[in-house]
Amino acid sequence: MGATDHKAADTAAPVVTRFAPSPTGFLHIGGARTALFNWLFARHHGGKFLLRIEDTDRARSTQPAIDAILEGMRWLGLDWDGEAVFQFARADRHAAVAHQLLAAGHAYKCYATPEELTALRESQRAAGKPMRYDGRWRDRPESDAPAGAPFVVRLKAPTTGSVTIPDRVQGDVTVNNAELDDFVLLRSDGTPTYMLAVVVDDHDMGVTHVIRGDDHLNNAFRQLALIRAMDAVVGGWPDPVYAHIPLIHGSDGAKLSKRHGALGVEAYRDELGILPEALGNYLLRLGWGHGDDEIISREQAVEWFDLAGVGKSPSRFDQKKLENLNGLYIRGADDARLAELTAARLGVDEAGRTTIETAMPVLKLRAANLNELADGARFLFAVRPLPIDEDARPLLEGGNTEVLAALHTALDALPHWDTEALETAVRGVAETRGIKLGAAAQPLRAALTGRRTSPGIYDVLALLGRQESLARIADQMAVTADR
Ligand code: GLU
């Protein structure tokens, strides 16, 4: 039975995609990208993007993981249509579908005991054969059933021919039906398996396009067998369009994992200070391309996104590239918003936030993330006498005391405290003393900020104001004289 025998989902029908995370951990980078691609595809086609929480693994699913996934998606601006669907709550419906298949002869009860199945696997292993269920209960009459014995329900999957999935990313992928076994739909306690739940939920949610990691490509063949069985029994179960996207790899080429420093999206926000639009842009470019475009706004992404642009080979996660992109987004971001985020990091009040906002045009020129932004803003709130960084101390020693004194005199004499006047004054001191501009600016920077690096020195002077600047310089003149 080939794919051509079946009608694929009507491509004219409204597009419905879904993101179906298992809440056994935080929303990781790979999951976030899958969600983004599904969201973009749906928005591009004016369709729906649905969210399903696959919480059937009761031992490993947790509420904090669910919360983190929802929050991560909100943060990334991936809004879903309608209420999130919780898979476990739909177990009765999943079981009902299995019973429909059972009644129609597309599924059967299998009474093989766990011991029998273990022995089967052992013998297959010993013979070097692939390990799969051998269909021993497939054609046995119900009268053979041991009375009252537990059973599982298995799909009566096709055993001959092949199935070709016209995957939108992988191309045509064909598997011989002989390679697939009659997998379990209902366990012996009557609970549905994951494979059954996914198929029933996708159908009931009206999902037209299944876009997910290519680690699920093998599952797709089993899921399709199930879909086609239901289509044969009740009709109205079209093949979805599949698009299996390559997984993300780490810089060493191996599948991305915690070992590569891969984190939940909340860690990119909280610990690394990444803006959501930067992470979204980075994830978009990780496996999808539109010419050479690197900076792509969400609006452009919605306009341009297609599955044809998804690459077939795994992409490598590059933290440095993400930081560079983040820096670009920081430079383009609204000052008031950045000030808010920075103030929160520094734990300063409303007045502090205002101060930061004033300084933001200057601060944001250098920062690659919000931590650097906060770090760069710290000098604004430093309390005199400033603590001086270890590596900045030499800048305040020796002959530099005199340089500071000369700067103090020149700056103190200025009638106007604006960047132009400040620059003229500092340059004047350097010229008079026959030293390079840097030899004047560096001690000044150390005195004003306690550090070797800071925003431009005239900006620092302007931001601190006359009184505070002169006082900070004077503090260091006094200290260094005693050293
Ligand atoms: N719950 C699965 C996962 O988190 C996804 C299943 C699917 O997309 O079909 O990997």
For this session: Please work out which one of (1) at pLDDT below 95; (2) in contact with a Leu (Cβ under 6 Å, 6 or more places away or on another chain); (3) among the hydrophobic types (A, V, I, L, M, F, W, C) is the condition residue 19 fails and give its number.
Result: (1)
For this session: Report the residue count in region 243-266 for those that are within 13 Å of the ligand (Cβ to nearest atom) and crowded, with 20+ Cβ neighbours inside 10 Å.
Result: 3
Problem set entry | Filtered residues of region 76-98 (kept if crowded, with 18+ Cβ neighbours inside 10 Å and under 18 Å from residue 38 (Cβ atoms)) | 76, 78, 80, 85, 87
Exercise. On the given criteria, is residue 24 open to solvent by 10 Å² or more (accessible area, probe 1.4 Å), among the β-branched types (Val, Ile, Thr), within 11 Å of the ligand (Cβ to nearest atom) and modelled with pLDDT of 95 or more?
Worked result: no
Exercise. With 276, 240 as the choices, which residue is within 25 Å of residue 45 (Cβ to Cβ), away from the ligand (no atom under 15 Å from the Cβ) and open to solvent by 10 Å² or more (accessible area, probe 1.4 Å)?
Worked result: 276
Exercise. Can residue 207 be described as over 30 Å from residue 319 (Cα atoms), within 14 Å of the ligand (Cβ to nearest atom) and in contact with a Lys or Arg (Cβ under 8 Å, 6 or more places away or on another chain)?
Worked result: yes
Problem set entry | Any hit, region 46-61, residues being part of a helix (DSSP H, G or I) and either near the ligand (Cβ under 10 Å from one of its atoms) or buried (at least 21 other Cβ atoms within 10 Å of the Cβ) (or both) | no
For this session: Would you mind stating whether residue 407 is surrounded by fewer than 20 Cβ atoms within 10 Å (Cβ to Cβ) and either in contact with a helix residue (DSSP H, G or I) (Cβ under 7 Å, 6 or more places away or on another chain) or in contact (Cβ under 8 Å) with a residue 60 or more places away in the chain (or both)?
Result: no
Problem set entry | Among the candidates 341, 386, 373, residue that is more than 30 Å from residue 244 (Cα to Cα), outside any helix (DSSP H, G or I) and either open to solvent by less than 80 Å² (accessible area, probe 1.4 Å) or not basic (Lys, Arg) (or both) | 386
Exercise. Pick from 215, 270: which is without any contact (Cβ under 8 Å) to a residue 60 or more places away in the chain and either within 13 Å of the ligand (Cβ to nearest atom) or among the hydrophobic types (A, V, I, L, M, F, W, C) (or both)?
Worked result: 215
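The values are calculated or read from the model by the stated rules, or taken from the named source; none is laboratory data. In this text, all values refer to a predicted model and were calculated from it rather than measured experimentally. Here Cβ is always computed from backbone atoms with ideal geometry, including for glycine, and neighbour counts include all displayed protein chains. Just so you know, the surface numbers come from the protein's heavy atoms only, side chains and all, with ligands and any DNA or RNA stripped out. Shrake-Rupley method; radii C 1.70, N 1.55, O 1.52, S 1.80 Å.
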